[in-house]
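Engineer: Mind looking over this structure? Questions follow.
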Amino acid sequence: MRLLAALTASVCLIVWAAAAADVREANYAAGYFGELLPDLTPDQLASATNGSKLFLKRWTEGNGNRRNADSCVACHSVPMPGGSGMSAQALVAVDAKGEIVQTGFPAPPHESGTVRRTRALFGIGYLEAAGGGFGAFGKDPDLKTFVAKAFATELGVSSSLQCARSGETPPQTCVAAISDKDLDDVVAYLRFLAPPPRSKEAAEGRKVFETIGCAKCHAPVLTTRSDAPAPLRGRRFAAHTDRKTHDMGGRAPVMTAPLWGVQSFGPPYMHDACGYSLAAAIKCHRGEGQAAADAFNALMEGEREALLAFLRAL
Ligand code: HEC
Ligand code: HEC
């Protein structure tokens, strides 16, 4: 028995060592937001390239009365396609029925709880391959489901996975306006969209970030699963998220926002556009994030500047 346990333990150790040795650094965009990962197969590249066009496409097929915009890039545009945005469409206030009541910048007051800030999508393939859900509240289990939902609810474009909203009650059976292949290509585009280009680390601020508890949720490093598609498999990446939801004092737990590239996507920050600067975004941390916000408020001027410089360089 003891021998068996020892054997199992050593086998585990060997497997673990092999797996650990296999983990490589992730690829980041070489210099420009919006680049694709460099090491794609010809098929992956062809699929992602077609997907990128569909992301930019103006969809006339959608149900015009029942959509928020006519392209993905209408909202995901800053600083490049795939990013966030502050266009009229990107900041919308919706009522309980999901109808738009106000659009534009600056956003409607966040107390209403209805403002949705667009999240940037650079590096989302690594996030997918590290686990955790999608959307502000992490409720959608996988990227493809979310993309189908975005087509249906944002653009009014039905697919075989999800029907767009229709004016009729009961709704008519819908006809897919995007093919399964094109839907897969859009998923491939997002999956292989490189993480933001890196800049020189502001090391002094990292210490402050760790000391006051930011890293508890904004975990500096994650590793992707070993069964992810080849270019994303077994990669160590620094998105600064734990891919989990936290009670932030609002109505529902919120997915920890990745912080890579954060300086280039806003303002505003936070899913409800609560913060119009990085410092203001930190002050918006309530619930489980309250202690970190308090610690931030108690920092001395120099430490606070160092922390903000660290965030701006992520
Ligand atoms: C009207 C604005 C708007 C349009 C158009 C739009 N999005 Fe988004 N998108 C958002 C917002 C706001 C979020 C934030 C998350 C949420 O709403 O739950 C988001 C989030 C996402 C996410 C999840 C990000 C994450 O970190 O979990 C994906 C993937 C995505 N969008 C893809 C798309 C695709 C593909 C299209 C085109 C079919 C599209 N979006 C069109 C506003 C938009
Ligand atoms: C309890 C977990 C937790 C802790 C601790 C925490 N955060 Fe966050 N942080 C989050 C969550 C969750 C979000 C997303 C909130 C939202 O979208 O409304 C977020 C969002 C942010 C954002 C906005 C990102 C964006 O794209 O909108 C910044 C900046 C940020 N955090 C910085 C920090 C800093 C700096 C600290 C330490 C002082 C910190 N956070 C501590 C959970 C945490």
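Engineer: For region 117-133, how many residues meet the condition of being assigned to a helix (DSSP H, G or I) and either open to solvent by 40 Å² or more (accessible area, probe 1.4 Å) or out of contact with any Ser or Thr (no Cβ under 9 Å at 6 or more places or on another chain) (or both)? Reasoning before the result, please.
Structural biologist: Looking only at region 117-133, we keep the residues that are assigned to a helix (DSSP H, G or I), and these are 124-129.
Still in the list and also either open to solvent by 40 Å² or more (accessible area, probe 1.4 Å) or out of contact with any Ser or Thr (no Cβ under 9 Å at 6 or more places or on another chain) (or both): 124.
Total meeting the criteria: 1.
Engineer: Related question: Tell me yes or no: at least one residue of region 228-251 is in a helix (DSSP H, G or I), open to solvent by 60 Å² or more (accessible area, probe 1.4 Å), farther than 23 Å from Ala29 by Cβ and at pLDDT 95 or above.
Structural biologist: Scanning region 228-251 turns up no residue that is in a helix (DSSP H, G or I), open to solvent by 60 Å² or more (accessible area, probe 1.4 Å), farther than 23 Å from Ala29 by Cβ and at pLDDT 95 or above.
Condition check ((1) away from ligand 1 (no atom under 15 Å from the Cβ); (2) in contact with a His (Cβ under 7 Å, 6 or more places away or on another chain); (3) of a type in the set (Gly, Ala, Ser)) across all residues:
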{"site": "Arg206", "(1), (2), (3)": "yes, no, no"}
{"site": "Thr241", "(1), (2), (3)": "no, yes, no"}
{"site": "Ala252", "(1), (2), (3)": "no, no, yes"}
{"site": "Ala257", "(1), (2), (3)": "no, no, yes"}
{"site": "Gly266", "(1), (2), (3)": "no, no, yes"}
{"site": "Met270", "(1), (2), (3)": "no, no, no"}
{"site": "Ala279", "(1), (2), (3)": "yes, no, yes"}
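Engineer: For region 252-266, which positions are in a loop (DSSP other than H, G, I, E, B) and touching a residue at least 40 places away in the same chain (Cβ under 8 Å)? Steps first, please.
Structural biologist: Taking region 252-266 as the starting set, the residues that turn out to be in a loop (DSSP other than H, G, I, E, B) are 252-253, 256-261, 265-266.
Answer for region 252-266, where residues must be in a loop (DSSP other than H, G, I, E, B) and touching a residue at least 40 places away in the same chain (Cβ under 8 Å): Ala252, Pro253, Ala257, Pro258, Leu259, Trp260, Gly261, Phe265, Gly266.
Engineer: Conditions: (1) more than 12 Å from ligand 1 (Cβ to nearest atom); (2) at pLDDT below 95; (3) in contact with a Phe, Trp or Tyr (Cβ under 9 Å, 6 or more places away or on another chain); (4) farther than 30 Å from Ala295 by Cβ. Val157 meets all but one. Number of the miss?
Structural biologist: (1)
Engineer: Now, a different point. More than 14 Å from ligand 1 (Cβ to nearest atom), modelled with pLDDT of 95 or more and among the acidic types (Asp, Glu): is that true of Glu210 in this structure? Show your work before the answer.
Structural biologist: Working: more than 14 Å from ligand 1 (Cβ to nearest atom): yes; modelled with pLDDT of 95 or more: yes; among the acidic types (Asp, Glu): yes.
Spelling it out, Glu210 is indeed more than 14 Å from ligand 1 (Cβ to nearest atom), modelled with pLDDT of 95 or more and among the acidic types (Asp, Glu).
Engineer: Among what's in region 299-314 and is more than 18 Å from Ser264 (Cβ to Cβ) and among the charged types (D, E, K, R), pick the residue that is farthest from ligand 2 (Cβ to nearest atom).
Structural biologist: Across region 299-314, the extreme among qualifying residues is Glu301.
Engineer: While we're here: Considering only residues that are over 12 Å from Arg191 (Cα atoms) and within 13 Å of ligand 2 (Cβ to nearest atom), which ones fall in region 117-133?
Structural biologist: Across region 117-133, the qualifying residues are Arg117, Thr118, Arg119, Ala120, Gly132, Gly133.
Engineer: Further question on the same structure: Taking into account only those residues within region 261-298 that are aromatic (Phe, Trp, Tyr) and either more than 9 Å from ligand 2 (Cβ to nearest atom) or under 30 Å from Ala29 (Cα atoms) (or both), which is most open to solvent (accessible area, probe 1.4 Å)? Talk me through it step by step, then tell me what you get.
Structural biologist: We begin by selecting, within region 261-298, every residue aromatic (Phe, Trp, Tyr); these are 265, 269, 276, 296.
Those left that are additionally either more than 9 Å from ligand 2 (Cβ to nearest atom) or under 30 Å from Ala29 (Cα atoms) (or both): 265, 269, 276.
On the way: Phe265: 21, Tyr269: 14, Tyr276: 87 Å².
So, considering only residues that are aromatic (Phe, Trp, Tyr) and either more than 9 Å from ligand 2 (Cβ to nearest atom) or under 30 Å from Ala29 (Cα atoms) (or both), the one most open to solvent (accessible area, probe 1.4 Å) is Tyr276.
Engineer: Still on this model: Can you tell me which of Pro38, Pro108, Pro81 is modelled with pLDDT under 85 and not small (Gly, Ala, Ser)? Reasoning before the result, please.
Structural biologist: Values: Pro38 fails: modelled with pLDDT under 85; Pro81 fails: modelled with pLDDT under 85.
Result: Pro108 is the single residue among Pro38, Pro108, Pro81 that is modelled with pLDDT under 85 and not small (Gly, Ala, Ser).
The values are calculated or read from the model by the stated rules, or taken from the named source; none is laboratory data. Since we're looking at a predicted model, the values are computed, not measured. Cβ coordinates were reconstructed from backbone atoms using ideal geometry, including for glycine residues, and neighbour counts include every protein chain displayed. The protein model used for the area step is the full one, side chains on, heavy atoms only, and it has no ligands, DNA or RNA in it. Shrake-Rupley method; radii C 1.70, N 1.55, O 1.52, S 1.80 Å.
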